[in-house]
Amino acid sequence: MATKIVPYEDIEKQKKYIQCVREKNLAKEEKPIACIKTFGCQMNEHDSEKIAGMLEQMGYVLVPDETEGKYDGRICDLVIFNTCCIRQNAEEKVFGHIGALKGAKRVKPDMVTIVCGCMTEQLHIVEEINKKYKNVDIVFGTHNLHRLPEFVYNSIFNNSRICELSHTEGEVAEGLPIKRESSFKAWVTIMYGCNNFCTYCIVPYVRGRERSRRMTDILEEIRGLAESGIREITLLGQNVNSYGKDLMENDGCRSFADLLAAICVTIEGTGLKRIRFMTSHPKDLSQELIDVMAKYPAVCKQLHLPVQAGSTEILNKMNRKYTKESYLDLVARIKEKMPDIVLSTDIIVGFPEETDEDFEETLDLVRKVQYDMAYTFIYSPRVGTPAAKNPNQVPEENVKERFDRLVELQSSVDRAKNEAMVGKVVEVLCEGLSRTNINRFTGRTEGNKIVNFVADVKCLREAEGKFVKVYIEKAQTWSLEGHAVEWE
């Protein structure tokens, strides 16, 4: 099925709603303020950048939320929660935040409270919001993001309580305003949705089936980012390796490898020096893509390759469509082409029916691959997924013991990998001052490792977004320390 684009006239209609809300907001004596609370993955973070772009055009001043919808003593005029449903604790946090706004709503009845994102594509969640949280004015799902101006307009002008869920596969909306958080790094979504239906995962049910953006639209966006001074981009998709499978022949691109090569050619001669991407499903990572990664210097030699488990039997129950052996073979082919590749992964501990022997297979795989970083998770049942219905859930005490062993093993690998970098000079993209030490700068290597370093730079603005060579003096488990030896 070919990708469907939101019609031009629909986007133009949203622009009219933006203008109406803007005129009302600009007529106020005090500029209205809005805050966005984002939960979840990079896709959600980028969606929030689009939300921020639309709100800013509607005349809202975006502020960080201090507590219970307040900023600098003022109650926000609009609060929006962009939600995640991957794990139970994420949903619980959202409900806690929504409940905390009830007092502010009583003081300021015209405050607009919005809940959107992945959580709201689940019917039982929407029913709970409608029943228990009357302070919520607008609820909409992931496929209706571009209609935010319309929803805000109807809430303000018509005092409407809105619940708008599409329950369709959705369309791709182009031309939305984006307020990017960084002036030198950018997310670029290349596709939406997922067709894999891993038995533990809710994403296909809330994000829909795979829908690729047209290559021409992606290249146009990246060309504009390069011209604006962006130094690094991260291409986003639930499974970027499936990019292009739903595009027609005349869209000009039929694989992710094709797209990645085209991006590298597009940014030649610009200041955009780094390209990252995530997430990569192992079953769809082609040799063609490995070759493109190895060929072009702009593609970071860093790869996030979620394995989820080391037992082939568990992988089969997860519906991952690869085996432990085929995964290790893939890693070997990647390392053959790119010996210095930095690998990271996701691992779930305690999947239903996981035995001690299955878990030992996971530890064995971690020892063999030697990941630079692993994001480890305790299995969280998701309503609506096949795994949640499995009666053979692993006892909590077993899961905790396994999780601790995995973290201990991976931490030792992390530390060893970082210690091997002591005495080397690495190139770091400076992101500004360290959050934990204002006397140090922080940034990331091509391999996405965090580096905190000292430098003889007086002005922060002179450092942010610049590439710097750093001599590594010390290794921590999850970061490196050093001093700058050469600035761009």
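Remarks
- Within the stretch 186-226, considering residues that are assigned to a strand (DSSP E or B) and β-branched (Val, Ile, Thr), the one nearest to ASP284 (Cα to Cα): THR189
- Residue check for ARG382: open to solvent by less than 60 Å² (accessible area, probe 1.4 Å) and at pLDDT below 95: yes
- Set side by side, the residues LYS93, LYS37, LYS15, LYS31 differ, and just one is in contact (Cβ under 8 Å) with a residue 24 or more places away in the chain, surrounded by fewer than 21 Cβ atoms within 10 Å (Cβ to Cβ) and assigned to a strand (DSSP E or B), which is LYS37.
- Per the listing ILE114, ILE75, the residue uniquely under 29 Å from GLN238 (Cα atoms) and open to solvent by less than 30 Å² (accessible area, probe 1.4 Å) is ILE114.
- Among residues of the stretch 290-307, those that are farther than 19 Å from SER326 by Cβ, in a loop (DSSP other than H, G, I, E, B) and free of Cβ contacts under 8 Å to residues at least 60 places away in the same chain, counted: 3
- A Cβ distance below 7 Å, combined with a sequence gap of six or more or placement on separate chains, defines the contacts here; from the stretch 352-364, residues that are farther than 14 Å from MET318 by Cβ and assigned to a helix (DSSP H, G or I) reach residues that are among the aliphatic types (A, V, I, L, M) and open to solvent by less than 10 Å² (accessible area, probe 1.4 Å) in the pairs LEU363/LEU406.
- With respect to (1) over 30 Å from ASP358 (Cβ atoms); (2) touching a residue at least 40 places away in the same chain (Cβ under 8 Å); (3) assigned to a helix (DSSP H, G or I), the lone exception for TYR471 is condition (3).
- Taken over the stretch 313-336, the residue count meeting the criterion of being open to solvent by 40 Å² or more (accessible area, probe 1.4 Å) and either within 17 Å of PHE197 (Cα to Cα) or of a type in the set (Asp, Glu) (or both) is 9.
- The residues of the stretch 231-241 that are closer than 22 Å to TYR192 by Cβ and either touching a His at 6+ places or on another chain (Cβ under 7 Å) or in a loop (DSSP other than H, G, I, E, B) (or both), listed by number, are LEU236, GLY237, GLN238, ASN239, ASN241.
The values are calculated or read from the model by the stated rules, or taken from the named source; none is laboratory data. Being a predicted model, the structure only gives us computed values, none of them experimental. Note that we place each Cβ from the backbone using ideal geometry, even for glycine, and neighbour counts take in every protein chain shown. Just so you know, the surface numbers come from the protein's heavy atoms only, side chains and all, with ligands and any DNA or RNA stripped out. Shrake-Rupley method; radii C 1.70, N 1.55, O 1.52, S 1.80 Å.
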